[in-house]
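The values are calculated or read from the model by the stated rules, or taken from the named source; none is laboratory data. Not measured: the values here are computed from a predicted model. Cβ: placed from backbone, ideal geometry, glycine included. Neighbour counts: every protein chain shown. Note: accessible area is taken over every heavy atom of the protein model, side chains too, but ligands, DNA and RNA are not part of it. Shrake-Rupley method; radii C 1.70, N 1.55, O 1.52, S 1.80 Å.
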Amino acid sequence: MSTVPALYRRLVDDASTFPPGNLPLTEAVAAHRAHRAAPYADLVGPFVCADEDLTKVATEAARTRTGSGPQPDPGVDHGPLEVTVVISGGAGGIEPVVRYGDRSKDVTVTAVEVRLRDEADLSRNALRVVRACDDCLDEETAYVEIGLEGAWERALDVVADAGYAAKLRTGGLDAALFPSEAQVAAFIEACLDREVAFKCTAGLHNAVRHTATDTGFEHHGFLNVLLATRASLDGASTDDLATLLADRDGEALAARARELSDDQAASTRRWFTSFGSCSIEEPLADLKTLGLMA
């Protein structure tokens, strides 16, 4: 039986090679293997890599697969590495990644993530992306990263019509990359209105809304986003969602999370699928500190 409550299973995608973590690839793959063998393994989702690093990831996956590299269980075949690939070259970069994943014995590409290029009409770019996905995706999932400037709702309409998922950037290395509570609330509501699942990326490695002591950036909390998603499903207004996203009372948020049934947790996670984090240890430590995981 899993030691990870339903609300947090496969919540954290391992993006340890991305800023600000920047873990070297050889260390990152070995560390991911260790996470996937740990008691908290069910917290951890796929390994996230850039498309330009996919072949290197496959090499490291092969090296660490049966204990030839740093392994929690030397000699045990841990199987191919499950990966999500961030596409850097736009719609044209999707098919080569998917085809490589189809041929590889060492990695399994389960999803691609594509950021829409800045254009006056994001929906045109979204249409190119979903057509490329239609041409080559089979079992894989596509997450289309949509900025919150301009007519982003039209781009989300295109993603919804195609049956793919959305991705929201919730932070980065500049304060301007952190959306406001009102923007995140509007995004969650827009996704749920269109029945579009979504993931988040960047700046979300702590459970509760806070101000970073080193940068002064205002970080969203993944627990806030989980509970705001649940509240939106239950009919809360956009203003109510924004208030919940701004809540910094970790104990109150944790108490609210404990009240959710397994069915409520499952339906929440059906829509807010995961977030990419450069650290697995930080979200894990926060969940333990708040008494949400043993």
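Return the residues of the stretch 1-25 that are of a type in the set (Val, Ile, Thr) and open to solvent by 40 Å² or more (accessible area, probe 1.4 Å); say none if nothing qualifies.
3
For the stretch 22-47, what are the residues that are touching a helix residue (DSSP H, G or I) at 6+ places or on another chain (Cβ under 8 Å) and assigned to a loop (DSSP other than H, G, I, E, B)?
Hits for the stretch 22-47 are 23, 40.
Each row is one residue, and each column tells you yes or no for (1) free of Cβ contacts under 8 Å to residues at least 60 places away in the same chain; (2) closer than 21 Å to residue 165 by Cα; (3) of a type in the set (A, V, I, L, M).
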{"residue": "185", "(1), (2), (3)": "no, yes, yes"}
{"residue": "200", "(1), (2), (3)": "no, yes, no"}
{"residue": "207", "(1), (2), (3)": "no, no, yes"}
{"residue": "233", "(1), (2), (3)": "yes, yes, yes"}
{"residue": "237", "(1), (2), (3)": "yes, no, no"}
{"residue": "244", "(1), (2), (3)": "yes, no, yes"}
{"residue": "248", "(1), (2), (3)": "yes, no, no"}
{"residue": "261", "(1), (2), (3)": "yes, no, no"}
{"residue": "265", "(1), (2), (3)": "no, yes, yes"}
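Could you identify the single residue in 149, 139, 181, 153 that is in contact (Cβ under 8 Å) with a residue 40 or more places away in the chain and either touching a strand residue (DSSP E or B) at 6+ places or on another chain (Cβ under 8 Å) or of a type in the set (D, E, K, R) (or both)?
181
Looking at the stretch 1-16, which of its residues are touching a residue at least 60 places away in the same chain (Cβ under 8 Å) and part of a loop (DSSP other than H, G, I, E, B)?
3, 4, 5, 9, 10, 11, 15, 16
Where in the stretch 228-294 are there helices (runs of 4 or more DSSP H), lying fully within it, with 2 or more residues that are modelled with pLDDT of 95 or more, over 15 Å from residue 10 (Cβ atoms) and among the hydroxyl-bearing types (Ser, Thr, Tyr)?
Result: 238-246.
Among (1) open to solvent by less than 60 Å² (accessible area, probe 1.4 Å); (2) under 25 Å from residue 103 (Cα atoms); (3) touching a residue at least 40 places away in the same chain (Cβ under 8 Å), where does residue 55 come up short?
Answer for residue 55: the failing condition is (1).
Pairs only if they're at least six apart or on different chains, beta carbon under 8 angstrom, first in the stretch 110-124 and over 22 Å from residue 51 (Cα atoms), second open to solvent by 20 Å² or more (accessible area, probe 1.4 Å) and among the β-branched types (Val, Ile, Thr); list them, first residue then second.
123/158
Give the number of residues within the stretch 83-120 that are assigned to a loop (DSSP other than H, G, I, E, B) and closer than 19 Å to residue 61 by Cβ.
Count: 3.
Report whether or not residue 100 is buried (at least 22 other Cβ atoms within 10 Å of the Cβ) and either modelled with pLDDT under 95 or among the hydroxyl-bearing types (Ser, Thr, Tyr) (or both).
No.
Let me spell it out: the conditions are (1) open to solvent by less than 70 Å² (accessible area, probe 1.4 Å); (2) modelled with pLDDT of 95 or more; (3) part of a helix (DSSP H, G or I), and residue 64 meets all of them except one. Which number is the exception?
(2)
Exactly one of (1) within 27 Å of residue 3 (Cα to Cα); (2) at pLDDT below 95 is unmet by residue 69. Its number?
Of everything listed in (1) within 27 Å of residue 3 (Cα to Cα); (2) at pLDDT below 95, residue 69 misses just condition (1).
Could you say which residue among 262, 240 is touching a helix residue (DSSP H, G or I) at 6+ places or on another chain (Cβ under 8 Å), closer than 20 Å to residue 45 by Cα, surrounded by fewer than 20 Cβ atoms within 10 Å (Cβ to Cβ) and among the acidic types (Asp, Glu)?
Result of the check over 262, 240: 262.
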